[in-house]
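See below for the structure under consideration.
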Amino acid sequence: MARYLQLLGVQFRASAASAMQYRAAFLVEGVLSLFWAGWSLVPVLVLFGHRPVLQGWSFEEALVVMGWFVLMKGILEGAVNPSLQAVVEHIRKGTLDFVLLKPADAQFLVSTARFEPWRVVDLSASLAILAVAFHRLGRWPEPLHVLAALLMLLCATWTLYSLWILVVSAAFHVVKVDNLAHLFASIFDAARWPVTVFRGFWRVLFTLVIPLGLMTTYPAQALLGRLTAGTAAAALTGSILFGAFARVMWLSSLKRYTSASS
């Protein structure tokens, strides 16, 4: 474990050094990230400008969900997307050999190959949104609720990462998965809304098939003190099983890899 934490630190420092080579671009990207975080609030502001409550969620409570959405969006585009898009190129060109020959787990190496450090701005924006939401609610989350929310954050991050591992695994079979990646990014935008606002097929889709509810709604409910122990246990179990399934699919797909020298 210590060895892999050390490798993670090396990978992150390399990404930070690369990003800081172009400091003007680094600052511009940070400003754009703040702009898009603010722009993501527009649909919520418009909707709650016409109605005070949506499926049992007040404007302030919906802001808590939005705060988690901005945070998860930052994790997706800052830590998950960059590395896993790079491995798709390796698969397409047959150059994954350089990763497979290294004395470390290939999935870990491809998952931590590249980061976008300026995405830390999303963390700041997320904390600001959460602070405004709880200030308007007139209370602050209890320590136990914060711990539950952090546990749900781990589950959400692991599930999001596992989904992308499945997308990458598909690249071993169909090679070009750009459209699938864009489709998932578009679907992920629905996570800005509490999952309870969806009905029927969409509710099942965003709860069980593509668990957007686990990524934003459950952590928000935990922070608000509305998450039940049963739901938390189901989310934890589901994220572990989902990660295990993604790992099996990765190992299975890796067997189909053909290098450029083959």
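Just so it is clear, none of the values below were taken in a lab; they were calculated from the coordinates. All values derive from a computational prediction rather than experimental measurement. Methodologically, a virtual Cβ is constructed for each residue, glycine included, from the backbone with ideal geometry; neighbour enumeration extends over all protein chains shown.
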Considering only Lys73, Lys102, Lys93, give the residue with the highest GNM mean-square fluctuation for the chain, with springs between Cα atoms whenever their separation is below 10 Å. Lys102
Rounded tilt (10° steps) of 178-188 against the dominant C-alpha axis of the chain: 20
Calculated from backbone phi, Karplus (6.51, -1.76, 1.60) coupling profile of the stretch 61-75 in Hz, x at Gly/Pro: 5, 5, 5, 5, 4, 4, x, 5, 4, 4, 5, 5, 5, x, 5
Farthest towards the positive end of the dipole of the chain, among Phe59, Ser124, Thr196 and with Cβ unit charges of +1 on Lys and Arg and -1 on Asp and Glu, lies the Cα of Thr196
Helix 229-254 sits off the longest principal axis of the Cα atoms of the chain, rounded to the nearest 10 on a 0 to 90 degree scale, by 20
Which aspartates and glutamates does Lys93 reach when only Cα atoms under 18 Å apart count, and residues fewer than 8 places away in its own chain are ignored? Asp178
0 to 90° range, to nearest 10: angle between helix 2-19 axis and the chain longest Cα axis: 80
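Quick one: net charge around Met72, please, counting Lys, Arg +1 and Asp, Glu -1 for every other residue with C-beta under 12 Å from its C-beta. Write down the numbers at each step before the final one.
Working: positive: Lys73, Arg119, Arg192; negative: Glu77, Asp122, Asp189.
That works out to 0.
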Please list the non-local residues whose amide H lies under 5 Å from the amide H of Phe115, H modeled 1.01 Å from N, same-chain partners needing a gap of 5 or more. Ser15
Per DSSP helix of 4 or more residues, -39500 (n - 2.57); summed, then divided by the residues of the chain. What does that give at 222 nm, rounded to the nearest 500? -22500 deg cm²/dmol
Of the candidates Phe172, Phe12, Phe206, the farthest towards the positive dipole end of the chain (Lys/Arg Cβ +1, Asp/Glu Cβ -1, centred on the Cα centre) is Phe172
The size of the Cβ-based charge dipole (Lys, Arg +1; Asp, Glu -1) of the chain about the Cα centre, to the nearest 20 debye, is 300
